[in-house]
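J.: Provided herewith is a single structure, encoded as structure tokens, for subsequent inquiry.
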Amino acid sequence: MTMKAILVTGGAGFIGSNFIRHVFEKTRFAGKIVNLDKLTYAGNPGNLADIGEKYGNRYVFVKGDICDQRAVLALMRKHRVARVVNFAAESHVDRSIFGPKDFIETNIHGTFSLLEAARRYWLDDPERSGNSPSRGSRPALRFHHVSTDEVYGSLGKTGKFRETTPYDPRSPYSASKASSDHLVRAYYHTYGLPVTISNCSNNYGPYHFPEKLIPLAILNAVEGKPIPVYGDGLQVRDWLYVEDHCAAIWCIMEGGRPGRTYNVGGNCEMKNLDVVRGICAGLENLFPAAENPALRGRKYADLITFVKDRPGHDRRYAIDFSRIKRELGWRPSVDFKSGLHKTAAWYLDNPKWVKSVKTGRYRRWLGKNYSR
Ligand code: NAD
Ligand code: TYD
């Protein structure tokens with residue numbers, strides 16, 4: 001990719017920070033990344049401290065809100081942005097049940113503001129308008145929107161979500177993401193803005209905020225605390241290692257067709273109960289419970305605790321990712337066992353990061369999951 005600058009929104013969060021790291025470290029991209037992030041409880045600039053040091057002025061962090069259309073437009077103009085990739089969102093289903101307002105604000109209004117800024121910036125583009133002496137100096141804009149498989153609702157025992165599956169969101173989170181997807185598509189059909197969308201299944205990996213199942217279970221287990229399993233624990237999610245997701249997004253940004261949606265999944269359907277059992281088994285290898293004073297003679301699996309179910313809890317998600325495989329040659333590369341091992345090892349190897357999200361401004365956001 002020869003373009004000069006990518007605007008990444010929400011790049012201080014879990015997937016966004018992994019994506020920025022991926023682009024710098026694993027692709028041939030030689031330009032600049034501007035990371036616009038509001039730094040909500042889920043945003044942690046420390047996720048990219050090393051990237052800032054290593055890549056100097058090729059990495060620019062800007063604290064800001066995607067709802068601030070004027071500031072976003074100014075940023076696009078200042079850095080002559082050629083690609084926008086929107087990760088910025090409120091992302092936790094439980095939290096959307098407690099308080100949907102922030103989800104409506106960022107996921108719907110924020111995506112709208114970002115689209116409007118992109119459209120105005122794109123209309124300025126000399127390559128499109130042909131009326132500037134600097135014609136050709138700014139590459140045409142592309143806008144990629146990162147979304148979720150949760151927009152499709154819940155599956156029965158069989159079948160998978162395809163790009164043509166009708167939307168049927170059930171939680172305030174998934175409804176707000178569905179709404180944002182519709183807006184992105186509307187900007188393609190109405191204004192011709194060159195957009196792409198990806199709908200991805202559950203991610204896991206380093207830098208995941210410990211409100212979500214996998215990092216919460218790992219850290220609770222290591223600390224000898226209960227590992228909460230909602231309801232009967234037989235709900236199914238299709239897990240994808242975060243680096244595979246980042247590679248998929250990059251593929252779409254490089255070769256995806258404007259107006260097109262791509263489903264991204266891990267080919268890894270797992271019941272929640274099996275996920276937490278897998279975490280417990282994996283930890284026995286990495287940090288045997290017998291050597292962990294917090295366990296006081298118990299096994300990790302003894303900590304698994306069934307708790308009240310989440311209201312509207314979707315039963316099963318599974319992704320058919322044949323389109324991105326066929327058209328762009330992407331497929332997941334990390335199997336669940338090794339992905340889980342890498343993830344648990346990362347949390348054990350990074351006590352400073354863990355401490356940083358468990359203290360200070362992050363602390364009050366923990367322990368607010370639905371069951372507690
Ligand atoms: P996250 O909660 O870890 O990070 C979200 C980031 O967005 C944070 O850094 C936060 O500070 C920032 N942000 C929030 N509101 C903002 C605003 N108004 N302006 C600017 N920045 C703002 O989320 P994540 O898990 O990294 O998810 C990233 C995207 O991927 C989201 O759009 C989410 O819907 C989607 N997604 C996530 C998963 C998953 O399993 N985590 C799966 C599929 C899709
Ligand atoms: P989560 O990580 O919150 O992601 P999402 O709701 O976006 O799928 O939850 C993954 C699954 O794990 C979901 O079925 C809810 C369940 N879950 C628990 O059983 N216990 C928990 O403490 C959490 C956070 C989630």
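J.: Cα axis of helix 172-191 to longest principal axis of the chain: angle in degrees, 0 to 90, nearest 10?
T.: Computed tilt is about 20 degrees.
J.: Using Cα pairs closer than 8 Å and at least 6 residues apart in sequence, work out the relative contact order for the chain, in percent.
T.: 17 percent
J.: As a test, work out the antiparallel percent of DSSP beta bridges whose residues both lie in the chain, rounded to the nearest 5.
T.: Working: 3 of 40 bridges.
Antiparallel: roughly 10 percent of the beta bridges in the chain.
J.: Report the semi-axes of the equivalent ellipsoid for region 73-229 in whole Å, largest first, where each axis is √(5λ) for an eigenvalue λ of the Cα gyration tensor.
T.: So the equivalent ellipsoid measures 36, 19, 14 Å along its semi-axes.
J.: Taking θ = phi - 60°, what integer Hz values does the Karplus form 6.51 cos²θ - 1.76 cosθ + 1.60 yield along region 342-350, in sequence order, with x for Gly and Pro?
T.: Each residue of region 342-350 in turn: 4, 5, 4, 4, 4, 5, 6, 7, 10 Hz.
J.: Using θ = phi - 60° and the Karplus form 6.51 cos²θ - 1.76 cosθ + 1.60, what ³J(HN,Hα) does each residue of region 140-151 get, whole Hz, x for Gly and Pro?
T.: Per residue, the Karplus-derived 3J(HN,Hα) values read 4, 7, 10, 10, 10, 10, 8, 10, 10, 6, 5, 5 Hz.
J.: Further, regarding this structure: Given H placed on each backbone N at 1.01 Å, which residues far from residue 196 in sequence or on other chains put an amide H within less than 5 Å of it?
T.: For residue 196, whose amide H was placed from the backbone, the distant partners under 5 Å are 143, 144, 145, 259.
J.: Ranked from highest to lowest mean number of other Cβ atoms within 10 Å per residue, what is the order of the peptides 222-234, 204-216?
T.: Peptide ranking by packing, descending: 204-216, 222-234.
J.: Let me ask something additional. How large is the charge dipole for region 1-124, taken about the Cα centre, if only the Cβ atoms of Lys, Arg (+1) and Asp, Glu (-1) carry charge, to the nearest 20 debye?
T.: Roughly 640 debye for region 1-124.
J.: Can you give the percent of C-alpha pairs in region 233-304 whose distance is more than 19 Å?
T.: 55 percent
J.: As a test of the formula, what do you get for the chain when each DSSP H run with n ≥ 4 contributes -39,500 (n - 2.57) and the sum is divided by the residue count, at 222 nm and rounded to the nearest 500 deg cm²/dmol?
T.: Using -39500 (n - 2.57) per qualifying helix, the result is -12000 deg cm²/dmol.
J.: What are the semi-axes of the equivalent ellipsoid of the chain, taken as the square roots of 5 times the eigenvalues of the Cα gyration tensor, listed largest first and rounded to whole Å?
T.: Equivalent ellipsoid semi-axes, largest first: 35, 22, 19 Å.
J.: Moving on. Work out the FRET efficiency for residue 80 and residue 302 from their Cβ-Cβ distance, taking R0 = 51 Å, and round it to the nearest 0.05.
T.: E(calc), rounded to 0.05, equals 0.35.
J.: Sequence gap at least 6, Cα distance under 8 Å: using those rules, report the relative contact order of region 170-265 to the nearest whole percent.
T.: Relative contact order here is 42 percent.
J.: Tell me which residues come under 5 Å, amide H to amide H, from residue 32 once H is placed; ignore anything under 5 positions away on its chain.
T.: For residue 32, whose amide H was placed from the backbone, the distant partners under 5 Å are 5, 6.
J.: Next question, about the same structure. Check which residues have an amide H placed less than 5 Å from residue 229's amide H, if you skip close sequence neighbours.
T.: Distant-sequence amide H within range of residue 229: 305, 306, 307.
J.: Specify the angular offset, from 0 to 90 degrees and rounded to the nearest 10, of the alpha carbon long axis of helix 242-255 from the longest principal axis of the alpha carbons in the chain.
T.: In the chain, helix 242-255 runs at an angle near 20 degrees to the longest axis.
J.: Taking the simple approach of a point 7 Å from Cα along Cα-to-Cβ for both residue 116 and residue 284, what is their distance in nm?
T.: Each label point lies 7 Å from its Cα, and together they span 5.7 nm.
J.: Calculate how steeply helix 213-222 sits against the longest principal axis of the alpha-carbon atoms of the chain, using the helix alpha-carbon long axis, and give the answer as 0 to 90 degrees to the nearest 10.
T.: In the chain, helix 213-222 runs at an angle near 40 degrees to the longest axis.
J.: With a sphere of radius 12 Å drawn around the Cβ of residue 322, what net charge do the other residues whose Cβ falls strictly inside it have (Lys, Arg +1; Asp, Glu -1)?
T.: Result for the neighbourhood of residue 322: +3.
J.: Mind listing the phi-derived Karplus ³J(HN,Hα) values for region 30-35, rounded to whole Hz, using 6.51, -1.76 and 1.60 with θ = phi - 60°, and x for any glycine or proline?
T.: My calculation for region 30-35 gives 10, x, 10, 10, 9, 9 Hz in order.
J.: Using the Cα centre of the chain as origin and beta-carbon charges of +1 (Lys, Arg) and -1 (Asp, Glu), tell me which of 224, 49, 266 is placed farthest towards the positive end of the dipole.
T.: Sorting the options by dipole projection puts first 49.
J.: Express in whole angstrom the spacing between the alpha-carbon centres of region 295-321 and region 244-263.
T.: Distance between centres, Cα-based: 31 Å.
Just so you know, all these numbers are worked out from the coordinates, no wet-lab data involved. Please read these numbers as outputs of a predicted model, since none were measured by experiment. Reconstructed Cβ throughout: ideal geometry from the backbone, glycine too, with neighbour counts over all protein chains shown.
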